[in-house]
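Single-structure report; data block below.
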Amino acid sequence: AEQVYPAPPRLLESEDPRDVLLALLDSANLSSRRPLFEQYDPLVGSRTVRRPQEADAAVLQLRDDGGSGAIAVSIDGNGRRVACDPYWGAVEAVLECAANLACVGAEPLGLTNCLNFGNPEKPHVAWQLTVAVRGLGDACRALGVPVVGGNVSLYNESGGGPIYPTPVVGMVGKLPDAALAAPAGFAREGDVIGFCGEFLPHLEGSELAKLQGEPLPIELPARDLEKTRAAHEAVRDAVRAGELSSAHDVAEGGLLVAIAESCLAGGIGATVDPWPDSDQLFWLFSECPGGGFVVSGPREAIDRLSERTPLTVSGTVGGDSLRAADRSLFQVSLEELRGASGSLAAAFP
């Protein structure tokens, strides 16, 4: 990976959680896409139940299914992680799509893909493509999701080398009642925040590693697909039962970024409980796409969810800032979070 893809420039020197969080939210991969989706009308057809950034997946009402059902749609892909490890990077793209559907209570029905790679006549690109396709297939079989279509875009490179190998996955699911689709944002003062799922923390290939100028690792940690599927089902069932106030997957940027995104989506702050690891950056910014969730709700609902999937109580919803229980560690106002996350707006005057 290092020979084909050079290490990124080091853009972050600080190890203060507050500085790291704001730098991540301000980065190109994590900043809000609002300036983009505001260019079109998301209500065309009058079937939209959750608007962009309101939930982890788009939710559209079904009018002709004889009931109150809806479909949910998610699209995911992370070429940098596939460049680290074509097999597990491709698996993660499928898992993250399914996790997004679980957050709105949808069960996956089918998947399509677009495989974007460099010149397959070069051995390393042919290897990336072969291994990534195997990863997509294994993930789909583990989740019981059929591949119903797809396309391929090859020879994507220039004099500087090939693009990151980027399988983009689109997944559609169905939920029985559109009204039960959970929002991504925190909704109620005093709700308990839970961090749950099959989350194997690591910083290899993470957004933090990129900002720190780290070269790509040669592999990503292996995943337990059956346990991950069980975690998805547990969150999906809790959403369908109406027990959770919010649900959001932990993806790029890690736990603290996911909590910040839920604060921004809901317009309300949160207090984060002490973390169990003395390495603050590792605990707060590790990634494991498609495996972990930040959920909120009454304490009883969070306790019930913990009976089905690993869960750590991670904080409480409330206030006008995101802060550690020990405020000397970090405290960031919602206004500062919005400013960092909204950096892309400068490109759309």
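The values are calculated or read from the model by the stated rules, or taken from the named source; none is laboratory data. Small disclaimer: the values here were computed from a predicted structure and weren't measured. Positions of Cβ are backbone-derived with ideal geometry, glycine not excepted, and every protein chain shown enters the neighbour counts.
Just need a number here: residues in region 179-191 that are out of contact with any Cys (no Cβ under 8 Å at 6 or more places or on another chain) and crowded, with 21+ Cβ neighbours inside 10 Å.
Qualifying residue count, region 179-191: 3.
The criterion of at least 1 residues that are at pLDDT 95 or above and over 21 Å from A234 (Cβ atoms) is met, among strands (runs of 3 or more DSSP E) falling completely within region 94-213, by 107-116, 147-153, 166-175. Kindly indicate the residue of region 54-73 that is more than 17 Å from E261 (Cα to Cα) and in a strand (DSSP E or B) and also modelled with the lowest pLDDT among those meeting that condition. Of everything passing the filter in region 54-73, Q61 is modelled with the lowest pLDDT.
On the stretch given as region 325-344, residues that are surrounded by fewer than 14 Cβ atoms within 10 Å (Cβ to Cβ) and in contact (Cβ under 8 Å) with a residue 24 or more places away in the chain total 2. Only residues that are of a type in the set (V, I, T) and in contact with a Pro (Cβ under 7 Å, 6 or more places away or on another chain) were counted across region 60-116, and they come to 1.
Quick one: in region 43-53, of everything that is within 29 Å of S333 (Cβ to Cβ), more than 14 Å from the chain's Cα centre (by Cα) and in contact (Cβ under 8 Å) with a residue 12 or more places away in the chain, which residue is surrounded by the most Cβ atoms within 10 Å (Cβ to Cβ)? Residue satisfying both the conditions and the ranking: R50. Looking only at residues of region 20-42 that are in contact with a Pro (Cβ under 9 Å, 6 or more places away or on another chain) and under 21 Å from E335 (Cβ atoms), we find that the one that is surrounded by the most Cβ atoms within 10 Å (Cβ to Cβ) is R34. Does region 145-165 contain any residue that is farther than 28 Å from E243 by Cβ, of a type in the set (A, V, I, L, M, F, W, C) and surrounded by 24 or more Cβ atoms within 10 Å (Cβ to Cβ)? No - not one qualifying residue is present in region 145-165. Please work out if L322 is of a type in the set (A, V, I, L, M), in contact (Cβ under 8 Å) with a residue 60 or more places away in the chain and either surrounded by fewer than 23 Cβ atoms within 10 Å (Cβ to Cβ) or in a helix (DSSP H, G or I) (or both). The answer is no for L322. Of E204, E198, E287, all but one fail to be of a type outside the set (S, T, N, Q), surrounded by fewer than 20 Cβ atoms within 10 Å (Cβ to Cβ) and in contact (Cβ under 8 Å) with a residue 40 or more places away in the chain; the exception is E204. For region 2-16, indicate whether the set of residues that are more than 18 Å from the chain's Cα centre (by Cα) and not in a loop (DSSP other than H, G, I, E, B) is non-empty. The answer is no, given that none of the residues of region 2-16 is more than 18 Å from the chain's Cα centre (by Cα) and not in a loop (DSSP other than H, G, I, E, B).
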